[in-house]
1. Report, to the nearest whole %, how much of the accessible area of the stretch 41-133 belongs to carbon and sulfur atoms, 1.4 Å probe, protein only.
2. Is it possible to state the helix-based mean residue ellipticity at 222 nm for the chain, with each DSSP H run of 4+ residues giving -39500 (n - 2.57), the sum divided by total residues, to the nearest 500 deg cm²/dmol? What is it?
3. Give, as a single signed number, the net charge of other residues whose beta carbon lies under 10 Å from the beta carbon of Tyr52, with Lys and Arg counted +1 and Asp and Glu -1.
4. Please name whichever of Ala44, Ser94, His109 sits farthest to the positive end of the charge dipole of the chain, dipole taken about the Cα centre and charges placed at Cβ: Lys and Arg +1, Asp and Glu -1.
5. Between Arg64 and Ala41, what is the spin-label point distance in nm, taking each point 7 Å from the Cα along the Cα→C-beta axis?
6. Under a Cβ-Cβ cut-off of 10 Å, what is the net charge of the residues other than Asp76 that fall near it, where Lys and Arg count +1 and Asp and Glu count -1?
7. Taking the simple approach of a point 7 Å from Cα along Cα-to-Cβ for both Thr93 and Lys127, what is their distance in nm?
8. Measuring with a 1.4 Å probe in the full set of protein chains, what accessible area per residue, in whole Å², belongs to the chain?
Amino acid sequence: MPLEIDWEGLVVGFESRSHQITHFFDRQTGDVIQVLEKDAARHASLAADPRYVALPRDSGERSRGDLEEFAAHCLDEDCRRDLAAALRAEEPTSEYRRALLRHPKEEAHFFQFKERRARERAVEWLKAQGIAK
């Protein structure tokens with residue numbers, strides 16, 4: 001029987017930027033388990049068990065790449081200009097968010113784009129773990 005993968009949990013884990021939560025993938029059930037870092041005993045238990053594998057953490061490199069990629073393919077010319085300016089700002093992530101708020105239609109496209117990219121990364125990661133999707 002093929003593994004039932006918790007795609008929603010994987011996408012959430014791959015989109016997470018929190019350093020307070022570790023997402024573990026259960027190789028037997030396909031579930032994704034969130035563990036707070038402050039729950040050291042549970043965290044250590046799952047980390048030591050080969051049944052579970054921690055999802056990779058993002059240190060911002062994926063975020064920046066996704067922001068640049070979306071800006072380059074944004075259909076609205078004004079939005080594309082605003083996003084490019086935000087990427088040059090001192091605090092690009094918060095400026096990018098503010099720019100998207102001025103373009104609600106493109107903001108909706110951005111969230112669809114982010115979810116699609118997170119799922120693509122999850123599929124690549126599963127393959128690297130030897131888990132067929």
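The values are calculated or read from the model by the stated rules, or taken from the named source; none is laboratory data. Treat the numbers as computed from the prediction; the structure is a model and nothing was measured. Here the Cβ is made from the backbone with ideal geometry for all residues, glycine too, and neighbour counts use every protein chain on show. Heads up: the accessible areas ignore ligands, DNA and RNA and are worked out on the full protein's heavy atoms, side chains in. Shrake-Rupley method; radii C 1.70, N 1.55, O 1.52, S 1.80 Å.
1. The nonpolar share, carbon plus sulfur, comes to 50 percent.
2. Computed mean residue ellipticity for the chain: -18500 deg cm²/dmol.
3. -1
4. About the Cα centre, the residue reaching furthest to the positive side is Ala44.
5. 4.1 nm
6. For residues surrounding Asp76, the net value is -1.
7. 2.8 nm
8. Computed with neighbouring chains in place, this is 62 Å² per residue.
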